[in-house]
Amino acid sequence: MIQRISEAVVLCNEGTLTLLDGKWITHGDSVDIALLIMAHKAGIIATQLRHSFHPLSEIPFEPEHRFSATLHHNDMNQIISVKGAVESLLPMCSKMVTPTGEILIATDTLEHHAATLSQLGYRVLAVASGSPKHKITEPLTHFDLKDLSFLGLIAMIDPLRPEAKGAIQASQRAGVRVGMITGDHPITALAIAKELNLATTMTEVVTGKMLKQARNIQEIDDMVIQGKVFARVDPQQKLAIVQSLIRQHQFVAVTGDGANDAPALKAAHVGVAMGGCGTDVARETADLIIMDDHFSSLVAGIEEGRIAYANIRRVIYALISTSIAEIILFALSIFAGFPMPLTAVQLLWLNLVTDGIQVIALAFEPAEGTELHQPPRPTTESIFNPIMLERVWISAIVMGITAFLVYADLIHHGVTEATARNHLLLLMVLFENVIIGNARSEFTSTFVLNPFRNRFLLCATVGALAIHIVAMHVPPLATALGASPLTFTEWSKYLLIAPIVIVAIEIEKLVRWKIKNP
């Protein structure tokens, strides 16, 4: 029996298995390769068997039929070999092979054995063969596949990678809904889904047959949004699942490795192909390619994407806050009838030199560790969400008004315009140093964050202040900027005033936390 099964799967096979210089070279579908290896272990040499049987015709595998068949002949007769899904092959067979010979096929018994194997997580493949009663002279068709002998069931399993379960759990914690779409039997799919904690009962499994029987788009949408596992689906149904999720305003990423996955990969917002085992069609269609074929790489990508987005928000917050603060300072000064608080050169110095150095370093802020514990952002959300807008305005108003009050006090005490601008320039540089601390985290207190976590930022902040101090003492720069050294008392005054913006934002973070955790 093993001999006949092995011969059938070698003849009905598009893969190759070759020993070259002591190494096995394979080409083709992973299932075909596995069957060739099984046959080799059974003593069947594929090249010799294929040399003995001349190929005449074939029916390639199609997802909607779920089987493939070939027609060969040798010196004596023709032979049909078929492999595929159990439910597809059983109607083709009238008898089955047993150790004592061929008997009438016991469909119920075979279905029971197939279901038992599927429940254990095996992918079950049926194999059949036979000689046609009349010589076939035309290309092989479905009508020729009848009165075959059922040879047996082959159970295969692709063990879950050790990191798969943890990666899926991390995705779920991050608010990512993970679903499984497969051509396997629903029972096999559910068994794997249970191991991954994706599903627990058959009510969470949607089959291709169920999708085909849907009367309208609404029924499809209802099944798709409730389903967690999709089994026995063909490429068009996989595409329909993706389109349904998009219709229901879901942001969809699809992974795949075969040519049949190409339509779904193209339709998804993000198509992700496997770089190792993926076909050329899948890789060319996809938006991203995972070179190590690990699902955990997707999770790492999600985390890195969230870190990058958070850093963009940090930089924008720091830049916009100080810019609006300067606008408020100028507006209040004009309204009060005061001279311009800063010159054009001083503004350029603030925005391009002292601020620029720090925000570049801020873009390298590392992960906080909570990125995968946050829900996904709505796709329609602007980068200037309510939190960003509120925090920008609080920071800008506090810095702008404080700077104006300091400027007004200096003018009131008869200080010259140049001296007042020199004082104000230092205060704005200190504000920039402080606002960087506020920007490091959207939710965590500045006082809790380790200042050495981003050494680049720490050095940039100290460096920006040091550059300004140098500019105050080096004549050419001091003359250009209208800057000059300040006394210890004046430094102390502004070092005490600058942190007021930290206090304001810390209060805002505390209030927000209290509202969220009453």
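Rounded to the nearest 500, the 222 nm mean residue ellipticity of the chain from helices alone is -16000 deg cm²/dmol, with -39,500 (n - 2.57) taken per DSSP H run of at least 4 residues.
Sorted from fewest to most neighbouring beta carbons within 10 Å, what does the list 494, 122, 407 look like?
Fewest-to-most Cβ neighbours within 10 Å comes out as 494, 122, 407.
May I ask for the net charge around residue 351, where only other residues with Cβ less than 10 Å from the Cβ of residue 351 are counted and Lys, Arg are +1 while Asp, Glu are -1? Taking every Cβ under 10 Å from that of residue 351, the sum is -3.
Note on the chain: Cα-only Rg and Dmax are 35.0, 116 Å.
Students often get this wrong: which residues of segment 22-61 have the backbone nitrogen under 14 Å from the point 7 angstrom along Cα-to-C-beta of residue 280? Counting only backbone N, you get 28.
Pairs of Lys residues in segment 152-281 are counted when their Cα atoms are under 15 angstrom apart and they lie 8 or more places apart or on different chains; the count is 6. For segment 168-297, the share of alpha carbon pairs falling in successive 5 Å distance bins from zero is 2, 11, 20, 23, 24, 15, 5, 1, 0 percent. Against the longest principal axis of the chain, how steep is helix 217-226, in degrees 0 to 90 to the nearest 10, with axes from Cα atoms? Taking the Cα atoms of the chain, the angle to 217-226 is about 80 degrees. Summarising the overall dimensions of segment 307-516 from its C-alpha atoms, the Rg and Dmax are 17.6, 56 angstrom. Here is the list for segment 180-246: trypsin sites (Lys or Arg not before Pro) lying in DSSP coil, each with at most 14 other C-beta atoms within 10 angstrom of its C-beta, are 215. Simple rule: put +1 on each Lys or Arg Cβ and -1 on each Asp or Glu Cβ in the chain, find the dipole, and look at 253, 416, 65; the Cα lying farthest toward the positive end is 416. Each of 330, 295, 251 was scored by other Cβ atoms within 10 Å of its Cβ. Listed from fewest to most, they are 251, 330, 295.
Between the helical axis of 30-41 and the longest alpha-carbon principal axis of the chain there is an angle of about 50 degrees. Extension gain for residue 480 to residue 143 (0.36 nm times residue separation, less C-alpha to C-alpha distance): 112.1 nm.
For segment 437-518, the set of trypsin sites (Lys or Arg not before Pro) satisfying both a DSSP loop assignment and a count of at most 15 other C-beta atoms within 10 Å is given as 453.
Relative to the longest principal axis of the Cα atoms of the chain, the long axis of helix 417-439 lies at roughly 30 degrees.
Please arrange 461, 188, 98 by how many other C-beta atoms lie within 10 Å of their C-beta, fewest to most.
So the residues, fewest neighbours to most, are 98, 461, 188.
For the chain, the dipole from Cβ point charges (+1 on Lys and Arg, -1 on Asp and Glu) about the Cα centre works out to 800 debye, to the nearest 20. About the centre of its Cα atoms, segment 168-297 shows a dipole size close to 420 debye [charges on the beta carbon of Lys, Arg (+1) and Asp, Glu (-1) only; nearest 20 debye].
Readers should treat all values here as calculations from the given coordinates under stated rules, not as data from a laboratory. Just so we're clear, the structure is a prediction, and the values are computed from it rather than from any experiment. With ideal geometry, Cβ positions are generated from the backbone for all residues, glycine too; neighbour counts draw on all protein chains shown.
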